[in-house]
Structures are given as C-alpha cells and as structure tokens.
Amino acid sequence: MSTEKKFKHTDLREWNHKQRQLLKTTSEKLIKRIDDAPFGQEAKLQAKKWADNESFGSVAWALFSATPIIERSEGSLLFDVDGKEYIDLLSGFSVNQFGNCQKELTKIIQDQAAKLTHYFDFPHAERIKLGEKLNKNSRMSSKTKVAFGVTGSDAIELAVRAARYYTGNPYILTAYGDYHGVTYGTMGLTSKGGMQPYFYPVTPDQHVGYFHFPHAYRTPQDAYPGWGLEALKIFERALDGKETPYTDGCFGVNNVAAILVEPFQSSAGYYVPPKEYLQEIRRICDKFGMLMIVDEIQAGLGRSGKLWAFEHSEIEPDMICTSKALGGGLPIGAVIAREEILTEWGPAAHVSTQAGNVIACAAGNYVMDVVSSKEFLDQVNDIGSYFYSGLKNLQEKHPIIGYIDNMGIYTGIELVKDRKTKEPAIDETVYVRDAAVREGVLFEKGGYYHNRLQCIPALNISKSMLDRVLDKFDKIFSETEKKFGIK
Ligand SMILES: Cc1ncc(COP(=O)(O)O)c(C=O)c1O
C-alpha cells in the first residue's frame, strides 16, 4: 500500500471510476481468500455459504482476509466450527467485557427471558433500575437524566439531536480519527475516508467540523506526521477569529452546539491522547459556550481502568454516550446528560421499538454493578499493567514495535519498519494479523497509517492467558521481522 499516489486534473474522472473498481470485490476473490485461510474443512465450507448468501459489504471482509466461523466460546477463548481455538482479543468489539458466556450474565439473561422480554420503548422495572444506576455513576456533579436507544450510533444521534435542540445551534465539531458510528445519521461524524463513498450524500449535513487529535508518538515534522497538543491551540486560535463557520470569536458569536469526542480513539487504532486533550476541549467548550459530549461507547465501562475514560483527565462532560458492553452482549445504547439538556424537549422527541430492551437492561444492571466497583477496576489495572510490561519486554527485543499505548487494559501497538523514521509497517501489519489468525489469536488491525494492532481482551482475562498471547506475539513478530528484513 502506498500513500504516494498523485493525479493530474485530467485523470480525475477516470480516477472516480477507478475508485469504485478499487472498492469492489468479486465472488472469485472472496472464495480464494477462504481457500487460502488457515481453516479446517467445515469452517471453509461455512465461510463459502456465508459469502454466497450475504452482501459483499460485510465489515468482516475488511477486518480479516477471511473471518473465522465461530461456534462456541469459553471466557477468553473462541472455538470455530472445526474446534480450532482462538484467543479472543476482540471481545465482540468491546462488548463481552467479562469474557464470553460469563456465568452470572448468562443466568440473568435466561431468567429475564422467562419473565419479560420486550415492552416497546416503555418503562419497565429493569429499565428504571438501569436509568438510576447510570445517573448515579455519571461522575458528573449536577443532576443528570438518561435517554435510551439500541446501538452506539443511536446514542450518538440522540446526543447530537439533544445538543442541537437544547442550544439551538447547528454545528457539531469532532476530531479527525474519531469514530461515532456509520449510520446515515452519524457517518458525517466519522473519519473513515474509505467508507464515505458508500454514504453519499454524507449526513448529518454540512454542519460538522473537524480538528486534529493529539498523540505522543508522531510530530508534525515527521515524514509520516501526527499532531500533539499544539493542534488544539491552532483550533482555538481559529475559533478566536471570525474566519470559521463555527464562531466569530471577536464578536462572541457561536454557531456550535457541541464538541463530540472519543476520550481515546478506538476504531482509529487504540490511541491514548495526552491527559490535557480533554482538559483543553473542556476549556474551549466553556470559553465559547459549547456543550461537551464524550463518546464512551468503546473506551468506557472499565476498559481504561476507570469506569469512564474521561475520568483520567479529571474533567466533567455535559453528556456521555454509552453502548456496546452495557448490554452484556445484547444491544442497548444510552445518553447520560445534564438534566436541563434532556428536559428541554417534549414527549416523543425520541422513540425506537427496541430502545431500552428488557433483557438488555437486566444484563446492564449487572454490568454497571461490576464495572463501577473499585475492586473490579483495581483488577483491570493490575492485569492491564501486566500486559503492558510484557509488551514493553517484547518491544526491547522487536524493532518492529514502534510505540505501545496502554491505559487499564486498553492497548494499541504501533508497528514500524524503522524506529528512527517511524515509517509505518503497513504490509507487515497485514502479515502479523494473518499470522495471528493462523496461530489462533484474534484482534483488529487499525491505525492512521494502517499499522496498528488493537488489543481488546476481556477485562477479566487471566495473566496465564496473556502469557500465551505474549508468546504468540513474540513468535509472530520474529517471523515478520525475518520475512521483511526489519532489524
Ligand atoms: C466510539 C464508538 N462510537 C460509536 C460507535 C457506533 O456503535 P454501533 O456500531 O453500535 O452503532 C462505535 C462502534 O464501534 C464506537 O467504537
């Protein structure tokens, strides 16, 4: 993969056509990927059936060369249809916070399924309990209220609508690299250039603006640059003047409803920004009269070693979006916001048939009890630092490891061809991911330059399981360095 493509103006129409061809795939190509996969016979057979029956647009084709066909699970292990074992560093994308099929959760779900499963978007006993718990654990000093949805995107759409309604302002500002969902109502807030062509015209609408996300590893001077906290200064400077659509800082005009941020950038590659990042956003919001919304859908609910990732910055947001792990494997989304934001609108401002589903709320009540407890979070920090120090040891041995992000068990690994130039190891990262599938470890590959490993273990993964992961990483990194001549 190269970032060096250059086009003449006369090429552009042809390029638009080529872009579509580039994104497209064929049955033959997908079948070949399955044939080449390190799967047994049954997995290959089922993968082919899946490819035959479902849309080519499945994200599974983007995240793996061929995605294992899983049949059952035990804690941090997944087993495919041939019985091949995989260590789970995906956790269903930050959903299975306590591993797969955790006993207490399974029992709660089974018991609730026998009592009451669905009651439209209406109040029921489990929902009332969960609303109370979310408010109690908002870590915000003023009274809060909750609005329920079904998915993460749903929570974001709810928050954006509430912020616009409450303030009367249209603009939502967010960071490059943030991921806030890929529904029609959220795609405009998500920086995935490769996905945008599937969403033309991209909504919410043009009232969206972006600023740069700061991270410690790359500087603006690097050949493959990144931004530090200076990005926020430049952003603020622009708001101070009159030449942005967002403000006229000189005359005190503000057209922005809210700044919406992921406290850590997950889908982009598991990046942990400096602690000052959210402090700067909070300060800018207060200075110009904007609301601050934090998207805790992936980094929240204990993964960072605190209940909410924003707590590491010692600030208070105005609104929190949560989902994923909250339902213990069942879909639910929620917004927690300062009371006055969610009391501004009137009845039927939001409704969704499956919002606040009964079984998901019952599971959510258990999830909230566990992830808000100090003992549990202490354990997350303990196993997180165990994993981090194991990875640091690997970094001493393996030049391919350029940088490791870690907070709690939230962990991203950046791979480079050369530590001095920080040239991203793009092909190598694909190789590492594919070798890991062969060796029985599943994780997502990401990164601004397609060169990071996103490790999302269960929050209660054992140290012995992490040792197995580290051994496998050691073997795979050695193999990759040898193959690509990285010294
Ligand atoms: C930070 C963040 N926000 C929002 C979403 C969207 O959630 P969903 O896929 O449930 O709509 C995701 C999903 O990965 C996410 O990671």
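Each reported figure results from applying straightforward, stated rules to the coordinates on display, with no laboratory input. Computed from a predicted structure; not experimentally measured. Reconstructed Cβ throughout: ideal geometry from the backbone, glycine too, with neighbour counts over all protein chains shown.
Report, as a whole number in µm² per second, the diffusion coefficient that Stokes-Einstein gives for the range 207-246 at 25 °C and 0.890 mPa s using the Kirkwood radius over alpha carbon pairs.
Calculated translational D: 219 µm²/s.
Which whole-Hz ³J(HN,Hα) couplings does the range 83-97 yield from phi under the Karplus relation 6.51 cos²θ - 1.76 cosθ + 1.60, θ = phi - 60°, glycine and proline marked x?
Each residue's phi maps through the Karplus curve to give x, 5, 9, 10, 7, 8, 10, 10, 6, x, 6, 6, 9, 7, 4 Hz.
Please compute the Kirkwood hydrodynamic radius over the range 114-211, one decimal place, Å, based on all pairs of different Cα atoms.
15.6 Å
Quick one: what are the phi-derived ³J(HN,Hα) couplings along the range 162-168, Karplus 6.51/-1.76/1.60 with θ = phi - 60°, whole Hz, x for glycine and proline?
5, 5, 5, 5, 5, 8, x
Looking at the square roots a ≥ b ≥ c of the eigenvalues of the Cα gyration tensor of the range 185-260, which shape do they give, rounded for a/c under 1.5, prolate if a/b is larger than b/c, or oblate?
On the way: a/c = 2.56, a/b = 1.01, b/c = 2.55.
Oblate, because a/c is 1.5 or more while a/b does not exceed b/c.
What is the antiparallel percent of DSSP beta bridges lying wholly in the range 116-372, to the nearest 5?
Antiparallel bridges: around 45 percent, rounded to the nearest 5.
Could you give P(r) for the range 304-462, binned at 5 Å from zero, as whole percent values over all Cα-Cα pairs?
Per 5 Å bin, starting at zero, the Cα-Cα P(r) for the range 304-462 comes out as 2, 8, 12, 15, 16, 14, 12, 10, 6, 3, 2, 0, 0 percent.
Taking the Cα centre of the chain as origin and charging only Cβ (+1 Lys, Arg; -1 Asp, Glu), how large is the dipole, in debye to the nearest 20?
660 debye
Give the distance, in whole Å, between the Cα centre of the range 426-487 and the Cα centre of the range 377-424.
Answer, in whole Å: 11.
Give the whole-number value, in cubic angstrom per residue, of the convex hull volume spanned by the C-alpha atoms of the range 1-133. List each step's numbers first, then the result.
Working: hull volume 30.7 nm³, N = 133.
Normalising the Cα hull of the range 1-133 by residue number yields 231 Å³.
Please report, in whole Å³, the volume per residue of the convex hull around the C-alpha atoms of the range 61-126. Spell out each step's value before the answer.
Working: hull volume 9.5 nm³, N = 66.
Dividing the Cα hull volume of the range 61-126 by its residues yields 143 Å³.
Could you list which residues have their amide H under 5 Å from that of Leu173, counting only those 5 or more apart in sequence or on another chain, with H placed in the peptide plane?
Amide H neighbours of Leu173: Gly209, Ala258, Ile259, Leu260.
Identify all lysines with a Cα-Cα distance to Lys417 below 19 Å; exclude those on the same chain that are fewer than 8 residues away in sequence.
Hits, sequence-local ones excluded: Lys392, Lys397, Lys445, Lys475, Lys482, Lys483, Lys487.
Do you know the relative contact order of the range 335-487, to the nearest whole percent, from alpha carbon pairs under 8 angstrom that are 6+ apart?
Values: 171 pairs, mean separation 30.8, N = 153.
Worked out over the range 335-487, it gives 20 percent.
When the Cα centres of the range 5-73 and the range 302-355 are compared, how far apart do they sit, in Å?
A separation of 34 Å, based on Cα centres.
Using just the C-alpha positions of the range 399-487 as equal point scatterers, what log10 of I(q)/I(0) does the Debye formula give at each q in 0.12 1/Å?
-0.34
Suppose every Lys and Arg Cβ carries +1 and every Asp and Glu Cβ carries -1, with no other charges. What dipole size does the range 116-372 come out with about its Cα centre, to the nearest 20 debye?
Dipole of the range 116-372, to the nearest 20 debye: 340 debye.
For the chain, go through all pairs of different Cα atoms, get the mean of 1/r, take its inverse, and jot down that Kirkwood value in Å. Before the final figure, lay out each step's value.
On the way: mean 1/r = 0.0423 Å⁻¹.
Every distinct Cα pair counted, the radius reaches 23.7 Å.
Residues with amide H under 5 Å of Asn96's amide H, sequence separation 5 or more or different chain, H placed in the peptide plane at 1.01 Å from N; which?
none
So what are the three principal axis dimensions of the range 43-202 from its Cα atoms, in whole Å, longest to shortest?
So the extents along the principal axes, rounded to whole Å, are 54, 44, 28.
Using only Cα atoms, locate the centre of the range 198-260 and the centre of the range 117-149, then give the distance between them in Å, rounded to an integer.
33 Å
For the range 116-372, compute the orientation-averaged projected area of the C-alpha convex hull (one quarter of its surface), in nm².
13.8 nm²
What's the ranking of 384-397, 334-347 by average number of surrounding C-beta atoms within 10 Å, highest first?
334-347, 384-397
Normalised by the residues of the chain, what does the relative contact order come to in percent, with Cα pairs under 8 Å and at least six apart? Write down the numbers at each step before the final one.
On the way: 942 pairs, mean separation 91.3, N = 487.
Here the relative contact order equals 19 percent.
Hand me the tally of lysine pairs in the range 116-372: alpha carbons under 15 angstrom apart, and the pair either on different chains or 8 or more positions apart.
Lysine pairs, 8 or more places apart or on different chains, close enough: 6.
List the chymotrypsin sites (Phe, Trp or Tyr not before Pro) within the range 171-272 that fall in a DSSP loop (any state other than H, G, I, E or B) and whose Cβ has at most 13 other Cβ atoms within 10 Å.
Answer in residue order: Phe251.
Could you work out the relative contact order of the range 407-449, using alpha carbon pairs under 8 angstrom and six or more residues apart, expressed as a whole percent?
28 percent
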